[in-house]
Amino acid sequence: MRNGSVDGATRHLRQPRDGFDYVEVDLFAWQPERTYDVCFFSFWLSDVPKEHWQSFWEKIERALAPGGRACLVDNARSDRASARDHDLQGPEEEAMLRRLADGREYHIVKHWFDAAGLGSGLAGVGWNALIRSTPEFFVYGEATPTG
């Protein structure tokens, strides 16, 4: 981060870079204007609401060039995965209370994955996936559309 702030980091990211475009969009409304070899998700899939899961993956398929793949890393469900002052919601619950250091609270979408469950969730929307997990806290892998 430049200037030690999120705003500084955002300004830094928006500066033109060779090979990179900075785009700030509502991802659920965005339509890809070109294709990519890889779409990478880092601790973001766990925030996709269930009602958007299928359409989200259809969009990713449209965004991938032939032979392209999606790569990901995200949170695995663990009793120790949440902050001390947060309650880990039940496995089927989609909303979680997130409390910030300044006391503000937000209800967020949060899914906790396990490798098998994420793999079958991707298969259910037409993707071949190889998903693995670390001993605790993380799932990771890659997926390609079956079509």
> Can you name the residue in region 132-145 that is over 14 Å from the mean Cα position of the chain (by Cα) and not aromatic (F, W, Y) and is also surrounded by the fewest Cβ atoms within 10 Å (Cβ to Cβ) among such residues?
Replying inline: P135
>> Pairs please, first residue from region 11-29 and closer than 30 Å to E51 by Cβ, second anywhere and among the β-branched types (V, I, T) and at pLDDT 65 or above, Cβ atoms under 9 Å, 6+ apart in sequence or on different chains.
In response: L27/V48; F28/V48
> Among the residues of region 109-142, which ones are in contact with a helix residue (DSSP H, G or I) (Cβ under 7 Å, 6 or more places away or on another chain), assigned to a strand (DSSP E or B) and touching a residue at least 60 places away in the same chain (Cβ under 8 Å)?
Replying inline: V109, F113, W127, V139
> Do we find that E24 is outside any loop (DSSP other than H, G, I, E, B) and either over 18 Å from D114 (Cβ atoms) or modelled with pLDDT of 80 or more (or both) in this structure?
Replying inline: no
> Across region 88-108, what is the total count of residues that are surrounded by 10 or more Cβ atoms within 10 Å (Cβ to Cβ) and either at pLDDT below 75 or touching a Cys at 6+ places or on another chain (Cβ under 7 Å) (or both)?
Replying inline: 4
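The values are calculated or read from the model by the stated rules, or taken from the named source; none is laboratory data. Just so it is clear, the structure is predicted and the values come from calculations on it, not from any experiment. Ideal geometry is used to build each Cβ from the backbone, glycine not excepted, and the neighbour counts take in all protein chains shown.
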